[in-house]
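Just so it is clear, none of the values below were taken in a lab; they were calculated from the coordinates. Predicted, not measured: the structure shown is a model, and the values here were computed from it. Every residue, glycine as well, gets a Cβ built from its backbone with ideal geometry; the counts of neighbours run over all protein chains shown.
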Amino acid sequence: MLKVVILGDSGVGKTSIMQQYVNKKFSTQYKATIGADFLTKELHIDDRKVVMQIWDTAGQERFQSLGVAFYRGADCCVLMYDVNNAKSFEALDSWRDEFLIQANPSDPESFPFVVIGNKIDVEDTKRAVSMKKAQAFCAAKGNLPYYETSAKENTGVEQAFDVVARNAMQQEEAHSYNQDYSDAIDINMDAESSSCAC
């Protein structure tokens, strides 16, 4: 079981992209998510069957206090914005910080984030955030994977979530490996610090 959390401002298309990926459906009638909602999808990654649980969280500030419960145990976090809304792009930093505080991953530096710029189906003249600007943001954050999608036209959705799933699986494996060996005793004692007189 892989747990993925999608974060971003209200209206960037979190529910739409999740519905498109899991159910191959798109609607213009989605109501704002209250609290959080999740869908599951079974998939095969390198001959392994995995179940991905995708959490769609409310983008409104007033629900952010619910974060802890939803973020804990996540294997990957998707940071999402609308390419036609500069404010939603500028908010990515605070969503990322919020996640790291609430989820409290054991190794925040290596925790997998994937950035998605959604709504590329809207005509170019309305576009507010260039691909170059988004790629520069991702590079500055440690070369985060970046995808541009249209939940409406199902463009780039599969490719983005394939990377999300792979990153989540690597994180989950690393986490369970660390859990297995965290109780092990370190037998590599430094010979010089030994007080043995032999």
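Spatially, region 121-173 and region 1-26 are offset by 13 Å when compared through their Cα centroids. Across region 160-168, computed HN-Hα scalar couplings (Karplus, 6.51 cos²θ - 1.76 cosθ + 1.60, θ = phi - 60°) run 4, 6, 5, 5, 4, 5, 5, 5, 5 Hz from first to last residue, x flagging Gly and Pro.
Length gained on full extension, ALA174 to LEU100: 24.9 nm, using 0.36 nm per residue less the C-alpha separation. Most tightly packed first, judged by the mean number of other beta-carbon atoms within 10 Å of their residues, the peptides 100-106, 138-144 read 100-106, 138-144.
In this structure the amide hydrogen of VAL114, modeled in the peptide plane, comes within under 5 Å of the amide hydrogens of CYS77, VAL78, LEU79, none closer than 5 places in sequence on its chain. Taken one residue at a time, the phi angles of region 8-19 give Karplus couplings (6.51, -1.76, 1.60, θ = phi - 60°) of x, 4, 4, x, 7, x, 4, 5, 4, 5, 5, 5 Hz. Gly and Pro are set to x. Taken along the Cα-to-beta-carbon direction at a fixed 7 Å, the label points for ARG72 and PHE26 span 3.7 nm. Here the extension length gained between ALA140 and GLU109 equals 9.9 nm, from 0.36 nm per residue of separation less the Cα-Cα distance.
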